[in-house]
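In what follows, a structure is listed as structure tokens, so that the remarks can point back to it.
Just so you know, all these numbers are worked out from the coordinates, no wet-lab data involved. Remember, it's a predicted structure, so these values are computed and weren't measured experimentally. Note that each Cβ is placed from the backbone with ideal geometry, even for glycine, and that neighbours are counted across all protein chains shown.
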Amino acid sequence: MHFRSLVATSLVFAIPTTATAQASSSTRAPSPAAPTLVLVLTVDQMRPDYFTRFGSQLTGGLGRLYRGGAVFLSGWQDHAITETAPGHASILSGRFPRSTGIATNSAGVLDSQAPLINGGGSPASPFRFRGTTLTDWMRMADPRTRALSVSRKDRGAILPLGRAKQNAFWYSYNGAFTTSRYYADTLPTWVQQFNDRRLPQAMHGRKWELALPESSYPERDDVKAESGGQDYVFPHVLSDSESVAVRALPDFPWMDELTLSFALAGVRALDLGAGPQPDVLAVSLSTTDAIGHRYGPDSREIHDQIIRLDRALGAFLDTLFTMRDSTRVIIALTADHGVTPLPEAGIAGRPADAHRVSLDSVLASIRAGLAARHIDTATLSFEEGVLRIDRNALRRAGVSADSVARRFAAAARRVPGVARADDVAALANADTVHDAIARRWLHSLIPGSNAAVVVTLRPYDIWGPSTVAMHGQPSDLDARVPIIFYGAPFRRGVRKESARVVDIAPTLANVLGVAPAERLDGVVLRGILH
């Protein structure tokens, strides 16, 4: 089915450690033609260089926003653990992970007390999220404000709304959009009707071929490092089995088309953006992340994905603007993180010694020493580059936690690929204006946590032993994202200065004339406002 028919029916960035936006200084009166719809688009794993690499071929939605919006190609997720959950939690909260409480994917939305309505996935809710978001501020100003957030991923749908019990839906691996019992006991009629169309099942056996002539793609299509050495050459075919196809669909461009079609169905059913109050539509598009992981950011597959995303987003905006007055819609586009290329791809201009790094042997050695003293090895854990120590348990055993941390850090620094291993306590004295890595770690670490040492790899090195491209580091490759504002209130043009994702929410709040409910880490980007 053609998508139009589906829709129709290493850079260093110097900034202060913390910028605050007080409610009294970030509001202004809305214009006479005040916005009635705030559209927030998150392209999971979108890199800003995709706009410049593929710009002449972007004739749809991405091209429209890029050429008609206020564009920051030097945008940043200015925290260290650059994963999906913390990235999404910062977009409409205006706060870093240390404040939202969402510092990692593993401590994201999983919640055994919030099962899905129709199964097909893990239970999920925002119970770990702290504080408020733009939707809350808007509803405080006008309780009629409604919000809809949709994504392929649960965390991509849930976290932009924070704890608000509005409308959050995501794709489940049984081929249906669902939500959890945190939000509702049954699916709304419009969601059931959309699911009854069985659009994912109808895609079984579909072939992913190039959207443009082959000569339009400079990338090689024979890189065996891609896709784990399996199915790395075009075309790619979705399984003939319906049950397999609905599970594999997130790895194909049509997942974004489906998500956008579902979002439009929600706009119609909920009458979002019809006024007089402003509403929120948050759409997180996850296919770029799936394809980027599998084939890498230098692949022909990611090139074609961006072309197809551009077309899908163009069709989506065309339809949306037939439903709502485009002059009263404001748009923000960003990404939850970037990505580090496949070390094995051997791309020219990249370090020849880039590789995957493991500290398993270092951790095993430390644990062996503790076990010899009959100390539970569970007192130590190492995930997302963070060594966590149960200090109370070591204290009871008569062992210095600081000594264990120093030993781990010293051994980690000797591992090839490790750039630095920082004592968490010492980060408080770091030059956070000039030391971007220290600043990002401080923005990621939740106060009172048991983090003792944080390990940062060299740019282009990634944590192993997986065979995919990865993100999650404080490197500029993983932290740099695009930020675009589009609509009547914004000055169009590519900006030379930098911006941060935490600046999106206060800037939108300023345009809407609403006050944040708490201190923010982000500031209003006044230079882009008329």
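What to note about this one:
- A Cβ-based charge dipole, computed about the Cα centre of the chain with Lys and Arg at +1 and Asp and Glu at -1, lands at about 1160 debye.
- Distant alpha-carbon pairs in segment 193-318 (separation over 21 angstrom), percent: 46
- With all projection directions averaged, the alpha carbon convex hull of the chain covers 24.1 nm².
- Remark on segment 50-157: Rg and Dmax equal 16.8, 48 Å (Cα only).
- Overall Cα dimensions of segment 129-187, principal axis frame, Å, largest first: 39, 21, 15
- Reachable lysines, given that their alpha-carbon falls under 22 Å from the alpha-carbon of residue 224 and they are not under 8 places away in the same chain: 207
- Estimated vicinal HN-Hα couplings, Hz - segment 54-67 in sequence order (Karplus 6.51, -1.76, 1.60; Gly, Pro = x): 10, x, 5, 9, 8, 10, x, x, 4, x, 4, 5, 5, 8
- A crude spin-label estimate for the pair residue 519 and residue 383, with each label 7 Å from Cα along the Cβ direction, gives 3.0 nm.
- Aspartates and glutamates whose Cα lies under 17 Å from that of residue 165, excluding same-chain neighbours fewer than 8 positions away: 111, 136, 142, 154, 185, 279
- Value at 222 nm in deg cm²/dmol, rounded to 500, when DSSP H runs of n ≥ 4 in the chain each add -39,500 (n - 2.57): -9000 deg cm²/dmol
- Long-range Cα-Cα pairs in segment 99-165 (distance over 14 Å), rounded percent: 60
- Viscosity 1.567 mPa s, 4 °C: Kirkwood-radius Stokes-Einstein D of segment 126-275 over Cα pairs, µm²/s: 73
- Over segment 426-478, all Cα pairs binned in 5 Å intervals from 0 give whole-percent P(r) values of 4, 17, 27, 22, 16, 10, 4, 0, listed from short to long.
- Here residue 153 is the anchor, and the aspartates and glutamates within straight C-alpha reach of less than 12 Å, apart from those fewer than 8 places off in the same chain, are 44, 256, 289.
- Sorted peptide list for 259-267, 498-506, 448-456, 319-327, criterion being average Cβ within 10 angstrom, highest first: 498-506, 259-267, 448-456, 319-327
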